[in-house]
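Written out below as C-alpha cells is the structure these notes cover.
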Amino acid sequence: SLADTVFIGANVLDKGNKLMKEMTALPNQGLCRFQFLEAFTKLAIQRYQLTGEQESALAAVKELQRVLNLGQDVVYMRSTLQQALFVEECCLVVKQNKKLLEETFAIYCKRLPFPGKGGGKFMSFGAWVEFLQACSATEFGLSHLEAGLAFALGKEIRIDEFRSFRHMELSWSEFLVSVAAVVRLSGNFQQDFLSDRLLEFIEEHVARAARAAGASGLAGRATLDPALAKMVTLVGEMFVQADQDNSGFLSFQEFNTVIRQKSFEKSMKDVGISAEDFKTLFLQVDVDKSGTVSLDELCDGLVKMKKAMVGVERTIAFMRKMFEESDEDGSGSLSKEEFQSLFQHPTVRMKLQQMDVSTEDIDDLWAAVDAQDDDGQAGVSAEEMVAGFLSLRQDGSIVKRGVNFLRQVFKAADAAGNSSGSLSREEVEQAFYAEEVADRLEQLSLEAPDWLGMFDAIDVNGDG
C-alpha cells in the first residue's frame, strides 16, 4: 500500500554514513521525528501534488495537515494543562510536598536506566511506568493506555532526539509537569480544581509510590517554617530604614515606600513574603485605624499572620486570582455587589468549601472585609479582602461576627437615609428591630438588646 511504501522509504538509512555512529537512539521498528516528517511530506506529495490537487509540496503538506487535524487534541491538552498548572495555587501544592516529590524522583531515577546510563539525574520512561504502577494511578482515574501521553505532556519539545535517549527521560521539572498531566488526564478536568486534585494525588498516590520504593518515613512530613525568624529580622531592618524621624512609628505611606525598594525585593522573596502580604499585615496591625504602627506591633502581627496563614496559602492564592479576574476595569477594587456576586458563584463556593472554608465563613466574609476597609475609598482591595479573611481565621468568634454583621446593618440604614454617618431614633427602630436582624443574632446565639433603650442612653444631648 502507499502508506507501507512511504513508511519503508522513510525508514531506510545509509548505514555507511559516518553520522550514523552518532544516532544511538534511533528506534529499531519505528520512526523518529525527522523520519516521521519525511514520511508525512512524501505522503502529502503523492496524495495531493502528484494528483494535481495542489500545485506545490508546501501546499500539499498544508492540505494533509488540515485534513488530518493531526495532534490538535494533544496541543489543546498541553495548553490547558499549562494554563491550569502554572499558577500560585499549584506552586504552593508543590512547595508543600517538595521533599516527598524530590525523594520519590531521586529513587525512581535509579530504576531501569537506559544502556550506558547509571541513572541519577533523569527518570527513564520505563521507570515512569513503574512509578505510575506503584502510585496505583489507575485507581485515581488514569487509563493505563495514557501513561505515555502523560509522559509526553510533561516533556519539553526536543528536536535532536536521535543522538541520545534524553527524549525518553524526564528531568526534575518535566517530572513535576508529568505528575500534573496524570491529574489532567484522570477524570473530568476542571481548571479551577487542578490544585485540589494535584494535592490529593501527591499526598495519597505519590506517597504510596515513595513507600513502595523504600523512601524514608520522613518523606512528606510537615516541618516548622524556618523562615519566620528571618522574616522578623527583615521587618526590623525595613522599619529602621523607613522610620526617618525616629518616632518609633510608621505611617502606611512610609511603610509602602520601603517595601517597594529594590534593595528589599530579593530579601522579601527569599523569606517567602510579598509586598501584598506586608500591606495585609499593616491593615491587620493598625487595629485602632490611627494610620501608624510600631515595630513591636508589626513583628507580633507578622507572627500571628503567618500562623493564621498555615494551611490557607492556597485559599488566599485562589481568592487573589478570583479577585483579579473579577476586577474587569483594573481599578484594584470591587464594589459590594461585585464582591458578593463573586463569592456567591457556585464554582467559587465549591472550591472554597473543598479548601475547608465553611459556608458560614463565606457568608460572613463581606462583613469581615468591610471591617478592614477604612481607607475612605469606594469598594475593597485585594489586601483588604485577605485581611478580612484572616481576621475570621484568627478571631472568628461569635461576638466578632455579630459586630461585623451589625456594622453592615448600620451602614445599610445610613445609606438608605441621608448617608450622614449617624442614625435617628426612627431609623434605629426600623433597621435593628427587623426580623432578619433578630434571626441572624439568634443564629449566632446572641441575645438582641433593647436597641431603643441603648439609643436613649447614648443620645446624651437628646437631639434624636
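The values are calculated or read from the model by the stated rules, or taken from the named source; none is laboratory data. Note that the structure is a prediction, hence the values are computed from the model and not measured. When we count neighbours, we look across all protein chains shown, and the Cβ atoms used for this are built from the backbone with ideal geometry, even at glycine. Heavy atoms of the whole protein, side chains included, go into the accessibility calculation; ligands, DNA and RNA do not. Shrake-Rupley method; radii C 1.70, N 1.55, O 1.52, S 1.80 Å.
The conditions are (1) under 26 Å from VAL380 (Cα atoms); (2) open to solvent by less than 30 Å² (accessible area, probe 1.4 Å), and LYS304 fails exactly one of them. Which is it?
Of the numbered conditions (1) under 26 Å from VAL380 (Cα atoms); (2) open to solvent by less than 30 Å² (accessible area, probe 1.4 Å), the odd one out for LYS304 is (2).
Regarding SER79, is this residue of a type in the set (Ser, Thr, Tyr) and under 28 Å from PHE318 (Cβ atoms)? Full working, then the answer.
On the way: of a type in the set (Ser, Thr, Tyr): yes; under 28 Å from PHE318 (Cβ atoms): yes.
Here the answer is yes, as SER79 does meet what is asked.
Given the condition open to solvent by 60 Å² or more (accessible area, probe 1.4 Å) and closer than 21 Å to LEU37 by Cβ, answer yes or no: does some residue in the range 86-94 qualify?
no
List, please: which pairs have Cβ atoms under 7 Å, are six or more places apart or on different chains, and start with a residue in the range 257-268 that is open to solvent by 20 Å² or more (accessible area, probe 1.4 Å) and end with one that is outside any helix (DSSP H, G or I) and of a type in the set (Ser, Thr, Tyr)?
none
Conditions (1) under 25 Å from PRO113 (Cα atoms); (2) modelled with pLDDT under 90; (3) open to solvent by 20 Å² or more (accessible area, probe 1.4 Å), marked per residue:
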| position | (1), (2), (3) |
| --- | --- |
| GLU156 | yes, yes, yes |
| LEU176 | yes, no, yes |
| VAL179 | yes, no, no |
| VAL182 | yes, no, no |
| GLY187 | no, yes, yes |
| GLN191 | no, yes, yes |
| GLU200 | no, yes, yes |
| GLU204 | no, yes, yes |
| ALA209 | yes, no, no |
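Within the range 56-85, which residues are open to solvent by 60 Å² or more (accessible area, probe 1.4 Å) and of a type in the set (Ser, Thr, Tyr)?
TYR76
Checking ASP288 against (1) at negative phi; (2) at pLDDT below 80; (3) within 24 Å of the chain's Cα centre (by Cα), which single condition isn't satisfied?
(3)
Here are LEU334, LEU365: which of them is at pLDDT below 85 and open to solvent by less than 20 Å² (accessible area, probe 1.4 Å)?
Just a single option satisfies the conditions, and that option is LEU365.
Mind checking which pairs have a first residue in the range 171-186 that is over 13 Å from ARG78 (Cβ atoms) and a second that is in a helix (DSSP H, G or I) and basic (Lys, Arg), Cβ under 6 Å, 6 or more apart or different chains?
Partner pairs satisfying both residue conditions: VAL183/ARG197.
Would you check which residues across the range 328-337 are of a type outside the set (Gly, Ala, Ser) and touching a Gly at 6+ places or on another chain (Cβ under 8 Å) and list them?
Step one: list which residues in the range 328-337 are of a type outside the set (Gly, Ala, Ser), which gives 328-329, 334, 336-337.
Across the range 328-337, the qualifying residues are LEU334, LYS336.
Scan the helices (runs of 4 or more DSSP H) fully inside the range 374-464 and keep the ones with 1 or more residues being at pLDDT below 85.
Ranges flagged: 382-394, 398-416, 435-443.
Do we have any residue at all in the range 46-58 that's at pLDDT 90 or above, part of a loop (DSSP other than H, G, I, E, B) and among the charged types (D, E, K, R)?
yes
Regarding the range 157-172, can at least one residue be identified that is part of a helix (DSSP H, G or I) and under 18 Å from VAL94 (Cα atoms)?
Checked the range 157-172: at least one residue is part of a helix (DSSP H, G or I) and under 18 Å from VAL94 (Cα atoms).
Quick one: which of ARG314, ARG349 is touching a helix residue (DSSP H, G or I) at 6+ places or on another chain (Cβ under 8 Å), basic (Lys, Arg) and crowded, with 19+ Cβ neighbours inside 10 Å?
Residue meeting the stated conditions: ARG314.
Which count do you get for residues in the range 74-128 that are part of a helix (DSSP H, G or I), free of Cβ contacts under 8 Å to residues at least 24 places away in the same chain and in contact with a Cys (Cβ under 8 Å, 6 or more places away or on another chain)?
Here the count works out to 1.
Between a residue in the range 294-306 that is touching a residue at least 40 places away in the same chain (Cβ under 8 Å) and over 11 Å from THR280 (Cα atoms) and any residue that is among the aromatic types (Phe, Trp, Tyr) and surrounded by fewer than 20 Cβ atoms within 10 Å (Cβ to Cβ), which pairs come within a Cβ distance under 6 Å, given they are 6 or more apart or on different chains?
SER294/PHE249
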